[in-house]
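Take a look at the structure set out below.
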Amino acid sequence: MDNAKKVYAWALYDWANSSFATTVMAGFFPLFFKEYWSQGANPTDSTFKLGMANSVASVIVAAMSPVLGAIADKGGVKKKFLMFFTVLGVVMSGGLFFVAQGAWMAAAALFVLASIGFSGGMSFYDALIVDVAEARKMDLVSAIGYGAGYLGGGLLFTFNVAMYLKPHLFGLADGAEAVRVSFILVALWWAVFSVPLFLLVPEPRVEHGRSMGQLAMDGFRQLGETLRVMGRLKTLFTFLVGYWLYIDGVDTVIRMAVDYGMSLGFDSSSLIVALLITQFVGFPAAIIFGKVGEKLGSKTGIYLGIGVYVGVTIWGYFLQTVEQFYGMAVAIGLVQGGVQSLSRSIYARLIPQTKAAEFFGLYNMLGKFAAVIGPMLMGWVALATGNPRHGILSIIILFAAGGALLWFVDVSKGEAAARELDAQANAQVSN
């Protein structure tokens with residue numbers, strides 16, 4: 001099979017599920033949760049409920065990701081697990097359409113389940129990169145995936161925003177109905193554009209002859225083995241801790257941008273437009289960052305992104321106008337996908353290829369725990385000081401600490417250590 005076809009089929013899954021990340025997670029759900037499902041509630045209470053929903057979903061995914069990844073590596077069933085989480089995310093996203101006004105508990109429950117579908121599937125989607133990309137093309141292929149995500153998610157989000165701003169042009173009663181319809185469109189978009197991956201991306205078969213229960217027990221044992229192997233991959237361990245810190249800052253900006261803008265009194269329509277700007281700037285920027293990784297090195301690209309994020313948090317502290325918020329959206333779009341894609345490609349080179357899903361489970365687990373800690377830090381500082389501007393400034397700590405640890409990561413040395421473990425594993429299988 002033509003390798004380019006496999007790459008684009010794989011990347012289309014990012015195009016598909018990014019509709020949830022943009023329209024639901026970052027865009028309409030925070031807005032609708034505060035103004036529709038929590039109508040009449042204190043704004044602080046609704047923010048707390050939203051934060052708890054995010055945290056519950058993150059903790060569940062974080063707890064199960066490494067075990068699910070270990071099972072997938074043992075059983076050669078990454079695509080089957082990816083399909084399960086895709087169906088879960090699609091059904092629960094569409095289910096948000098039916099949640100009545102004021103029913104915040106039902107909305108939160110469906111959001112948690114949809115988020116589990118989205119995040120749980122990412123472990124297996126990420127792990128499939130080793131089946132479609134050569135090591136020397138990992139930066140570029142990873143960037144193509146993120147670029148497709150920005151473009152696909154952005155295109156659907158643009159249509160959904162148009163419905164929200166001009167509902168009567170689409171035969172809808174008001175903006176609330178437009179938002180509800182957008183949840184159905186996300187489900188359809190996610191389902192349809194996931195199909196090419198399941199049809200065209202191969203996954204090596206593993207002959208095991210074991211039941212799913214036996215594979216689950218193997219997975220638990222393998223998780224312990226993974227942690228033991230981590231002790232032999234010191235470069236990988238250093239990278240993971242650094243990644244955990246700086247991606248915490250990235251995820252916090254993604255999840256809290258709309259809430260922060262609403263706290264400053266900005267109009268919700270303006271905040272949605274700012275998210276659109278980030279999406280469409282992010283598409284070409286993610287591809288460009290893939291080239292930066294090839295020419296200057298992945299670490300250099302990540303440092304460039306971290307530097308911009310530090311500037312953005314300082315900028316956010318002094319933010320006064322919607323136009324300045326748009327400027328922040330452009331800056332974030334320039335580096336957001338680049339930091340994510342280059343981090344993923346570095347990690348893919350530092351792990352044993354024979355344990356890809358298992359190690360990507362750990363990778364996503366750290367990312368999800370970071371999504372718990374970041375918003376809590378921002379909220380705690382804002383609450384303690386009585387000023388949300390101090391909250392956003394606190395994120396600098398995470399970027400600085402993560403960047404400092406990344407300095408000690410020798411990618412070439414770490415890659416050599418991982419390949420040595422692969423050789424040992426293959427030798428054991430052949431014997």
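The values are calculated or read from the model by the stated rules, or taken from the named source; none is laboratory data. These numbers were taken from a predicted model, which means no experiment stands behind them. When we count neighbours, we look across all protein chains shown, and the Cβ atoms used for this are built from the backbone with ideal geometry, even at glycine. To get the accessible areas, we keep the full protein, side chains included, count just its heavy atoms, and leave off ligands, DNA and RNA. Shrake-Rupley method; radii C 1.70, N 1.55, O 1.52, S 1.80 Å.
Within segment 164-201, restricting attention to residues that are out of contact with any Pro (no Cβ under 8 Å at 6 or more places or on another chain), of a type in the set (A, V, I, L, M) and open to solvent by less than 40 Å² (accessible area, probe 1.4 Å), the residue that is farthest from S18 (Cα to Cα) is L172.
Applying the set (1) closer than 30 Å to F220 by Cα; (2) at pLDDT 85 or above; (3) of a type outside the set (G, A, S) to F97 leaves exactly one unmet item: (1). Within this structure, T278 passes the test of being over 22 Å from G402 (Cα atoms), in contact (Cβ under 8 Å) with a residue 12 or more places away in the chain and either assigned to a helix (DSSP H, G or I) or open to solvent by 40 Å² or more (accessible area, probe 1.4 Å) (or both). Restricted to segment 1-39, and to residues that are in a loop (DSSP other than H, G, I, E, B) and open to solvent by 10 Å² or more (accessible area, probe 1.4 Å), which residue is modelled with the highest pLDDT? Per the stated criteria, the residue is Q39. Residues that are of a type outside the set (F, W, Y) and more than 16 Å from T278 (Cα to Cα) were ranked within segment 315-330; the one that is surrounded by the most Cβ atoms within 10 Å (Cβ to Cβ) is L319. Looking only at segment 120-157, filter to residues that are more than 30 Å from E415 (Cα to Cα) and touching a helix residue (DSSP H, G or I) at 6+ places or on another chain (Cβ under 6 Å); which one of those is modelled with the highest pLDDT? Going through the qualifying residues, I end up with L156. Residues in segment 221-267 that are open to solvent by less than 20 Å² (accessible area, probe 1.4 Å), more than 30 Å from V409 (Cβ to Cβ) and polar (S, T, N, Q): 0 in all. Among the candidates L342, L334, L362, the residue that is modelled with pLDDT of 85 or more, assigned to a helix (DSSP H, G or I) and within 15 Å of the chain's Cα centre (by Cα) is uniquely L342. Scanning segment 145-183 for residues that are aliphatic (A, V, I, L, M) and over 17 Å from L31 (Cβ atoms) returns A148, L151, L155, L169, A173.
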